[in-house]
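Taking it in order: structure first as structure tokens, then the write-up.
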Amino acid sequence: MPSVRTWLGVVTLPALLVAAAGAAAPAALARSHAVRPAAAKGGTITDAFPIQPDTLNPAQTGDTVAIQIDRNIFDSLVYETPQGTFQPWLATGWKITDGGKTYTFQLRKGVTFQDGTPFNAQAMVFNVNYIRNPKTHSIGAVGALGPIVSATATGPYTVVFRFKTPYAPFLTNLASPELGPQSPTAIKKWGSSYGDHIVGTGPFTLESYTSGTGFVLVRNPHYDWAPAAYGRNGPAYLSKITYDFTTSPTVAQESLQTGESQVLEGASTIAFKDLKSNPAYTAMYVPINGAGVYAPMDVKTAPTNDLKVRQAILYAINRQGVEDLADQGQYQLTWGPIQKGTFGYDPKFNGMYSYNPKKAAQLLQSDGYKKVGGFWTKGGKKLTVQINLFAGGGDFDTYGTAIQGYLLKFGIDATTQTLEQSAWTSEQIAHKWNITPLQFSSVDPDVMRLEFGCGQYFDWIGFCNKQLDNLLNQGLATTNTAQRQAIYWKAETIVMDNALVIPLRLDENLDLLSVKVKGVTDYIGGDLDFYNAYVSP
């Protein structure tokens, strides 16, 4: 599943994420933060999880699904509310000085990592240096640190972060599990295998990991530092959570219906459509902010290095038809590089590049192409594009084949190639592709810098534009909300005018839970939080 994420962003090598417990939106479905538990508390649950993460080490991963699990193992310095405000968590207070270039935090006393190591300013400094160390091979977390210069312990429980330029998204990024403090003792002890033995300060501890099978988390009996938003303190209610890797949507649905599992994260749209009205289950749409689900186009590889070809591709695809084929029409379409609900979203792109095969044909004709034997050709060469898919990518694979179908119908020779994760990533970096469906989740529009900024790891499309780069760097440093929004609107216009992406749909997770599972919440960005969860009799 291609998933790239930082809090800031994660790219889902294609997709998912989640929540649970009550209320109603369409057909009694919730689209919000959820619930306070209210009765007898306890129990164990099994979560039919759709994919094995690359690693659970939040300092290394770029995988959305890893962060989903990490939310229950790692705490954050600050807690971000659905309204975008911040509350104390492992930090009791903070101040921002030097025009947004210096952040000083007072840390909570009495906190320990799950292996007994004390949490303090030195531990926080160790974590920052660990993320920044090239040997760590950080993907998401290093981007979340932005233009950091240093992290310094100026007292036992005081840590100061200094940045080269003002860094507007820093509190948002600190609220993510990606920057959740990890035990320096455990990192030193386990070395390169630490990802299988992660240790945080959160309400659940990793008990075991079996490659290809799943993870087991157990309650941290010493947990006593939950943020105020949780409405209580002390250990979690659940004694154990088993994440059972269940890559087959059919098997996952059967597991839920037979009671073998009580939670199904990232349910297939077929399962969700079948069970969402069944009173035996709680069904929830969980929004995941960011770029949404989309298909970037490689501007370094022919023929998508040609602007008119990219524009023609956008006009040639019926995106509602793609959504209906891929996901039963369960999701709303997106039209720009930032999806609705994310700061920086601009509704002016709604309807841009709507399905118009006639316009697509005019663009190709003006570019020297003509139809021969049902396919567009130029200089005797057929217009051919390669769509790279990720093995086990679920609906992302279906999006790829649906896009292929529309392009073939229009006369573009579209081929698909399905690759394992490592090969898929290598091909992205080497520009051996034209189109690839994925997601990039983020609660801040700085995700655009990671996608399109010159020299960024995730700039797989190869678009390095000085004007766009300057805007994205301005957005990174601008703390005035109105000015920052205007900057991103300009940046989004450059992206869409250059037809760099094919926006597809809102990034939301479809989750199903046994009605007996109560108190589950979704944390901002889509992470499923089991701290207040319990199983009713």
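The values are calculated or read from the model by the stated rules, or taken from the named source; none is laboratory data. Bear in mind the structure is a predicted one, so any value in this text is a computation, not a measurement. So basically every Cβ, Gly included, is an ideal-geometry build from the backbone, and we count neighbours across all protein chains shown.
Can you pull out the residues in the stretch 461-490 that are in contact with a Leu (Cβ under 9 Å, 6 or more places away or on another chain) and not in a helix (DSSP H, G or I)? Answer for the stretch 461-490, where residues must be in contact with a Leu (Cβ under 9 Å, 6 or more places away or on another chain) and not in a helix (DSSP H, G or I): ILE461, PHE463. Before we move on, is PRO134 at pLDDT 95 or above and closer than 26 Å to GLN439 by Cα? Yes, satisfied.
Checking ALA326, ALA312, ALA360 one by one, the residue that is in a helix (DSSP H, G or I), modelled with pLDDT under 95 and either touching a Cys at 6+ places or on another chain (Cβ under 9 Å) or of a type in the set (A, V, I, L, M, F, W, C) (or both) is ALA326 and no other. Checked against the criterion of being within 29 Å of VAL443 (Cβ to Cβ) and either surrounded by fewer than 22 Cβ atoms within 10 Å (Cβ to Cβ) or of a type in the set (Val, Ile, Thr) (or both), the stretch 399-410 has at least one qualifying residue.
Yes/no matrix, rows are residues, columns are (1) out of contact with any Phe, Trp or Tyr (no Cβ under 9 Å at 6 or more places or on another chain); (2) of a type in the set (S, T, N, Q); (3) not assigned by TED's automatic domain parsing to the domain that holds TRP89:
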{"position": "LEU179", "(1), (2), (3)": "no, no, no"}
{"position": "PRO184", "(1), (2), (3)": "no, no, no"}
{"position": "SER193", "(1), (2), (3)": "yes, yes, yes"}
{"position": "ILE198", "(1), (2), (3)": "no, no, yes"}
{"position": "PRO203", "(1), (2), (3)": "no, no, yes"}
{"position": "TYR209", "(1), (2), (3)": "no, no, yes"}
{"position": "GLY212", "(1), (2), (3)": "no, no, yes"}
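Counting the residues of the stretch 252-272 that are modelled with pLDDT of 95 or more and either surrounded by fewer than 22 Cβ atoms within 10 Å (Cβ to Cβ) or over 23 Å from SER211 (Cβ atoms) (or both) gives 9. Only one of these is modelled with pLDDT of 95 or more, over 22 Å from THR64 (Cβ atoms), in contact with a strand residue (DSSP E or B) (Cβ under 9 Å, 6 or more places away or on another chain) and surrounded by 13 or more Cβ atoms within 10 Å (Cβ to Cβ): PRO156, PRO118. Name it. Answer to the check: PRO118.
Screening the stretch 101-141 for residues that are of a type in the set (A, V, I, L, M) and touching a residue at least 60 places away in the same chain (Cβ under 8 Å) and picking the one that is farthest from ASP75 (Cα to Cα) gives ILE139. Go through the residues of the stretch 453-475 one by one and say whether even a single one is touching a Lys or Arg at 6+ places or on another chain (Cβ under 7 Å) and among the hydrophobic types (A, V, I, L, M, F, W, C). The answer is yes, given that some residue of the stretch 453-475 is touching a Lys or Arg at 6+ places or on another chain (Cβ under 7 Å) and among the hydrophobic types (A, V, I, L, M, F, W, C).
Only one entry in THR210, THR246 is out of contact with any helix residue (DSSP H, G or I) (no Cβ under 8 Å at 6 or more places or on another chain) and under 30 Å from THR398 (Cα atoms), namely THR210. State all residues of the stretch 362-405 that are among the hydroxyl-bearing types (Ser, Thr, Tyr) and in contact with a helix residue (DSSP H, G or I) (Cβ under 7 Å, 6 or more places away or on another chain); if no residue qualifies, say none. Selection gives SER366, THR398, TYR399. The criterion of being farther than 29 Å from PRO235 by Cβ and hydroxyl-bearing (Ser, Thr, Tyr) does not hold for SER176. Of the numbered criteria (1) buried (at least 23 other Cβ atoms within 10 Å of the Cβ); (2) out of contact with any helix residue (DSSP H, G or I) (no Cβ under 8 Å at 6 or more places or on another chain); (3) outside the structural domain of ILE270 (by TED's automatic domain parsing), the one ASP324 fails is (1). Taking every residue in the stretch 196-225 that is modelled with pLDDT of 95 or more and surrounded by 13 or more Cβ atoms within 10 Å (Cβ to Cβ) and pairing it with any residue that is among the hydroxyl-bearing types (Ser, Thr, Tyr) and not in a strand (DSSP E or B), at least 6 positions away or on another chain, the pairs with Cβ-Cβ distances below 7 Å are VAL199/SER183; PRO203/TYR223; PRO203/TYR531; VAL218/SER239; ARG219/SER239.
Residue pairs whose Cβ atoms lie under 9 Å apart, separated by 6 or more positions or on different chains, with the first residue in the stretch 438-451 and farther than 9 Å from ALA291 by Cβ and of a type in the set (Ser, Thr, Tyr) and the second in a loop (DSSP other than H, G, I, E, B) and modelled with pLDDT of 90 or more, do not occur.
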